[in-house]
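Right, one structure below, let's go through it.
The values are calculated or read from the model by the stated rules, or taken from the named source; none is laboratory data. These figures come from a predicted structure and were not determined experimentally. Cβ sites come from the backbone with ideal geometry, for glycine too, and all protein chains shown count toward neighbours.
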Amino acid sequence: MSVRNKLAIATGSVVLSALALTGCSAGAQPAPPAPAQGNGVQAAVGDTGGAVDTSGRIDIRGGQHGSEERVVFDFSALPELSGGIKVMKSEMDTKSPVWGGSGEPVEGMKGNTFLHVYLEAADAARTTEGPEEFGLPTARSAVVNDNSHGTAELTVGLDAAVDFEVLVEGEKVIINMTRGPLGR
């Protein structure tokens, strides 16, 4: 084998190794995160404070107080979130969530009714998170299933339709819900 052929084979091996290590391919999308393991009730209604996750992830937690349930999406650990968070719209339907971009179903979501909350949120890292499962009577799971181009979709899986409100407090999106009227 000539030196030229050996050089061509060595160069090809280095290029293929680099591609394998970086995951480069035309139109490559990051793999959706693996479903989180359910860990029961994590926060009580009214508890939107506490330790801040500094790992660059979106913290999703749920809790219950009386007949009301709450799901909190905490974006405060995202260092590149700029411009704040604004709710664009919310809707409840039976459409299971899909991962943004790929359109693949979000595996691990529990519920037969889904509350979709659409935000204006400029997260340069385009972070998705979840699904996270809850041991709550109505709110069964939640996910940040699409976060791109300055918008985000949050989905909560429910076992029944609810009366709800969506609040933004700083870098947290708080969804209060109950099977009956909220009474606010």
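What the table below lists for this structure:
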read-out	value
Candidates Glu132, Glu104, filtered to the one that is crowded, with 18+ Cβ neighbours inside 10 Å and either in contact with a Gly (Cβ under 7 Å, 6 or more places away or on another chain) or modelled with pLDDT of 90 or more (or both)	Glu132
Leading residue by the ranking (nearest to the chain's Cα centre (by Cα)) among those in the stretch 142-167 that are over 21 Å from Leu182 (Cβ atoms) and not aliphatic (A, V, I, L, M)	Asn145
Number of the condition not met by Gly170 [criteria: (1) closer than 15 Å to Asp59 by Cα; (2) buried (at least 17 other Cβ atoms within 10 Å of the Cβ)]	(2)
Single residue of Val168, Val143 found to be touching a Lys or Arg at 6+ places or on another chain (Cβ under 8 Å), aliphatic (A, V, I, L, M) and either modelled with pLDDT of 90 or more or part of a strand (DSSP E or B) (or both)	Val168
Of residues in the stretch 148-162 being within 26 Å of Gly135 (Cβ to Cβ) and in contact with a Gly (Cβ under 7 Å, 6 or more places away or on another chain), the one surrounded by the fewest Cβ atoms within 10 Å (Cβ to Cβ)	Asp159
Filter pass, Arg126 being among the charged types (D, E, K, R) and part of a loop (DSSP other than H, G, I, E, B)	yes
Candidate set from the stretch 173-183 (those that are assigned to a loop (DSSP other than H, G, I, E, B) and in contact (Cβ under 8 Å) with a residue 40 or more places away in the chain); member that is surrounded by the fewest Cβ atoms within 10 Å (Cβ to Cβ)	Gly180
Pro137 vs. criteria of a type outside the set (Lys, Arg), surrounded by fewer than 16 Cβ atoms within 10 Å (Cβ to Cβ) and within 22 Å of Ser67 (Cβ to Cβ)	yes
